[in-house]
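The values are calculated or read from the model by the stated rules, or taken from the named source; none is laboratory data. Quick caveat, the model's predicted, so the values are computed rather than measured. So basically every Cβ, Gly included, is an ideal-geometry build from the backbone, and we count neighbours across all protein chains shown.
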Amino acid sequence: MTERPFEALGLSADADRAYPLLIATRGVAAVELALSMGVSPECAESACGELARRGLVRRSGDGLWYPLPPQSEFLPLVSRAQEQLRRGRELLDRLGMEYQRVHEGRRAGEIVQVVEGAAAAREQIEELHAEVREEMLVFARASRAGPAVDSAPAMRHGVRSRVIVEREVLDAGGVFGAAAHLRVADRLPVQLAIADRSRALLPLAADDPASDPLLMVVRPSGLLDALVTLFESVWAAGVPLGTPHSPLRLRILGMLVGGSTDAAMARALGVAVRTVQRHISAMEQAAGVDNRIQLVWHAARHGWLDGQEPVSESPSGSGELPTGTQGGGMPT
């Protein structure tokens with residue numbers, strides 16, 4: 001038996017203790033009951049009065065308290081308590097499910113939604129562009145079956161756009177917004193657009209280009225985190241677009257590797273020193289680096305210098321490149 005067996009039925013602590021003691025007697029005075037309970041006579045009297053109101057004891061004419069059979073009064077109380085506990089458990093289960101839905105996860109339909117048809121896909125794309133606030137991440141893949149996700153939406157001021165372009169798109173003359181930071185990959189796994197890392201659009205390629213296009217909308221979830229991670233890994237391996245493919249920039253880069261000063265490069269190329277510095281700054285920006293040492297390392301890592309020899313100012317001051325170095329090895 002627990003320390004307070006009838007607590008759940010609403011009995012006070014004193015009444016809870018008094019009733020089992022009364023059951024074991026053939027009638028007892030409040031003073032004697034108080035001694036058994038270790039409380040004052042007033043407390044024992046109050047406990048007996050509470051039990052009497054519940055129909056569990058009665059007081060006789062001799063002033064003694066007599067117990068009554070517990071089943072007649074306690075069984076209905078127990079039944080009501082059990083029903084309340086059952087309803088309470090059902091309520092807790094419902095609240096637990098609601099908490100899990102809101103705070104610990106989402107239903108599949110709230111994480112991934114598939115829309116069908118060109119009009120519905122275009123609506124999702126326009127909504128994504130309208131709601132983006134900070135950054136748009138895009139895989140600009142060559143044309144496939146399915147809806148195209150614009151790689152260069154009309155961005156508001158302050159919205160950064162990072163676009164990884166499939167080389168085939170460049171070869172086809174793809175045009176991208178001036179505000180976009182561009183990198184090139186030979187092949188992209190999917191076509192993709194992610195706005196503020198909180199929503200992604202993923203066109204689903206169809207076997208039959210004539211069939212209705214499908215577009216997957218992915219909201220915050222482990223799947224969206226995986227798509228962001230995929231983008232960042234491909235971005236890290238991509239080659240920045242805007243690499244120094246012009247003959248002039250190739251010559252400046254080659255002479256920079258050869259250790260020429262800005263003045264020597266300008267004299268050899270027949271241009272102003274500020275022109276040389278402007279081209280070097282543009283190359284640094286295109287490579288995403290902060291200084292010339294990093295620029296040279298980046299150029300070597302991405303093959304900008306393949307097939308070239310370091311160039312320094314020629315003795316004649318003409319600045320002519322050695323045979324076979326002009327325009328060589330530059331990725332397009």
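Taken residue by residue, the stretch 216-235 has at least one member that is modelled with pLDDT of 80 or more, assigned to a loop (DSSP other than H, G, I, E, B) and in contact with a Gly (Cβ under 9 Å, 6 or more places away or on another chain). Taking the conditions (1) over 44 Å from the mean Cα position of the chain (by Cα); (2) modelled with pLDDT under 70; (3) among the β-branched types (Val, Ile, Thr) in turn, Thr332 satisfies each one other than (1).
Being touching a strand residue (DSSP E or B) at 6+ places or on another chain (Cβ under 7 Å), modelled with pLDDT under 85 and in a helix (DSSP H, G or I) is not true of Leu128. Quick check, is Gly258 modelled with pLDDT under 90, surrounded by fewer than 19 Cβ atoms within 10 Å (Cβ to Cβ) and not hydrophobic (A, V, I, L, M, F, W, C)? Yes, satisfied. When you scan the stretch 36-43, do you find a residue that is outside the structural domain of Gln124 (by TED's automatic domain parsing), in contact with a Phe, Trp or Tyr (Cβ under 6 Å, 6 or more places away or on another chain) and modelled with pLDDT of 80 or more, even just one? No, every residue in the stretch 36-43 fails to be outside the structural domain of Gln124 (by TED's automatic domain parsing), in contact with a Phe, Trp or Tyr (Cβ under 6 Å, 6 or more places away or on another chain) and modelled with pLDDT of 80 or more.
In the stretch 15-42, the qualifying residues are those that are touching a residue at least 24 places away in the same chain (Cβ under 8 Å) and surrounded by fewer than 19 Cβ atoms within 10 Å (Cβ to Cβ), and the one that is farthest from Leu75 (Cα to Cα) is Val39.
Within the stretch 260-282, residues that are free of Cβ contacts under 8 Å to residues at least 24 places away in the same chain and within 16 Å of Ile293 (Cα to Cα) reach partners that are charged (D, E, K, R) and part of a helix (DSSP H, G or I) with beta carbons closer than 7 Å, at six or more positions or on different chains, in the pairs Gln277/Asp262. Note on the stretch 61-83: residues that are under 21 Å from Asp14 (Cβ atoms) and modelled with pLDDT of 75 or more amount to 6.
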